[in-house]
Amino acid sequence: MPSVTTTRRASRTGAATASGRPVTSTPFLLLIALCTAATAANIYLAAPLLPLIAHDFGTVPTAVAWIASVAQFGYAAGLLFFAPLGDRVNRRPLVAGLSVGTTVALLAAAVAPGTAALAVAVFVAAAATVVPQLLVPLVAARAPADRRARHVAAVIAGLFTGIVAARVVGGLAGQAFGWRWVFAGSAVLTLVLGLATAFALPAERRTRTGALFAGVAELPGLLRRSPGLWRACLRQAGMFGAWSALWTSLALLLTGPSYGFSTATAGLFGLFGLTSSAVAPLAGGLVDRFGATRVVGTAFALAAVAVPLFWLGGQVLPALFAAAVLIHAALVASHVANQTIALTSTDSPATANTAYVVSGFAGGALASSVAGPAYGHWGWAGVSVVAGVWLLAGWVLTAGRRRR
């Protein structure tokens, strides 16, 4: 990771993109945010479409709920192998290649003849759609030190906007045109924005030597040497796991007997996720001003209120509204704070970012994979318990580590 002096010097001289604009300029940040939104949406495309997919393949939604978990496991695998390359290879060809790979996999998902083929295509698409986590370390390294968290937050706002779009636009488009056209449309968007971003990235010279995937082997040692990174990973695994259990199962609740909404109406519920896009810049400013630890504690307190409200929301719709706002505010505040810690705690920001995001998505994938069966056996109350367990584990295990 560049020192503060180096980072400030880079911001003053304005390391330029291919188009001559500095990497921290507003147009460049906007392009990165848009690319991040489009690619992040690919991870969550399947979740709001589960009822439509189940109907098309002649089964029930709970029988295909695992496909949403497959996407998260795919993303975690892609992060493990591809994201550390940001410390070793030029990001331009890497971003372009991953964008093309994601496009091909999404098109394969659009024509999948069955659940197995769809799951494979979704896994590959999610594994290749790690472009946001190649861009966040770049933004963090080139931003002025006193505004680093705010610049990171701008990219994170794009990421969560993509998650919201996956549920809202995906649900509406799926209801209108069919779920296959949602995957096809996302393929086109991913290709256009991915290649545009690759073209705009600054030229880089890499001096690191060694095996191409050596960053994977460095992860255990990096975590041992950096307690701050270790805590950030575990905290976000708990927080993201709680969010994933609730959010990936929400379509089952809203389209089920409790509410009986259509897929399009259930998708509109994702508009509450816009809370995250509004909170991200605010969280970045709070981290810069008060420090990441205090922001993370506040985020966990908000989530601790949101989980019981989600349980109540199984029968009371306004409680579900309030819970959705709180859990998104908690998730994005925690993410901005923890990712800032991860990016500034070592001299290998891309590798550290890999450890952080893999931990978060592994926690999310495990929680959502447990939430599906929990919903089948115990209904929405079972999903709420899964979320509560993940949240409590993230906090308690982290506190214990700090005392030792």
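What is the helix-to-structure angle for 349-378, meaning the angle in degrees between its Cα long axis and the longest Cα principal axis of the chain, kept from 0 to 90 and rounded to the nearest 10?
10 degrees
If I take R0 = 22 Å and measure r between the Cβ atoms of A381 and A301 in this structure, what FRET efficiency does the formula 1/(1 + (r/R0)^6) give, to the nearest 0.05?
0.45
Please work out the FRET efficiency for the pair R225 and L274, using the Cβ-Cβ distance as r and a Förster radius of 35 Å; give the result to the nearest 0.05. Write out the running numbers ahead of the final one.
On the way: r = 38 Å, r/R0 = 1.10.
Taking R0 as 35 Å, the efficiency between R225 and L274 is 0.35.
Kindly give Rg over Rh for the chain, based on alpha-carbon atoms, with the Kirkwood expression for the hydrodynamic radius.
Values: Rg = 19.9 Å, Rh = 20.8 Å.
The Rg/Rh ratio comes out at 0.95.
Using only DSSP helix segments of four residues or longer, with each worth -39500 (n - 2.57), what per-residue ellipticity at 222 nm results for the chain after dividing by its residue count and rounding to 500?
After summing the helix terms and dividing by the residues of the chain, the value is -27000 deg cm²/dmol.
How long are the three semi-axes of the equivalent ellipsoid for region 268-404, computed from the Cα gyration tensor as the root of 5 times each eigenvalue, in whole Å, largest first?
Values: eigenvalues 143, 67, 38 Å².
Each semi-axis is √(5λ); the values are 27, 18, 14 Å.
Can you list the residues, at least 5 places off or on another chain, whose amide H is less than 5 Å from the amide H of L201, using H built in the peptide plane?
A18
Sorting S258, S369, S99 on the 10 Å Cβ count, fewest up front, what's the list?
Fewest to most other Cβ atoms nearby, the residues stand as S258, S369, S99.
How high is the FRET efficiency between R294 and T265 when r is their beta carbon distance and R₀ equals 41 Å, given to the nearest 0.05?
On the way: r = 39 Å, r/R0 = 0.94.
Efficiency, rounded to the nearest 0.05: 0.60.
How far, in nm, would the chain grow between F177 and T26 when pulled straight, counting 0.36 nm per residue and subtracting the alpha carbon separation? Mind showing how you got there, number by number?
Working: separation 151, 0.36 × 151 = 54.36 nm, distance 3.53 nm.
Extending this stretch completely gives an extra 50.8 nm.
If you line up the Cα atoms of region 42-109 on their principal axes, what length do they span on each, largest first, in Å?
Cα spread of region 42-109 along its principal axes, largest to smallest: 46, 20, 14 Å.
Laboratory data are not the source of any read-out in this text; all were calculated from the coordinates shown. Bear in mind the structure is a predicted one, so any value in this text is a computation, not a measurement. Backbone-built Cβ (ideal geometry, glycine too); neighbour counts: all protein chains shown.
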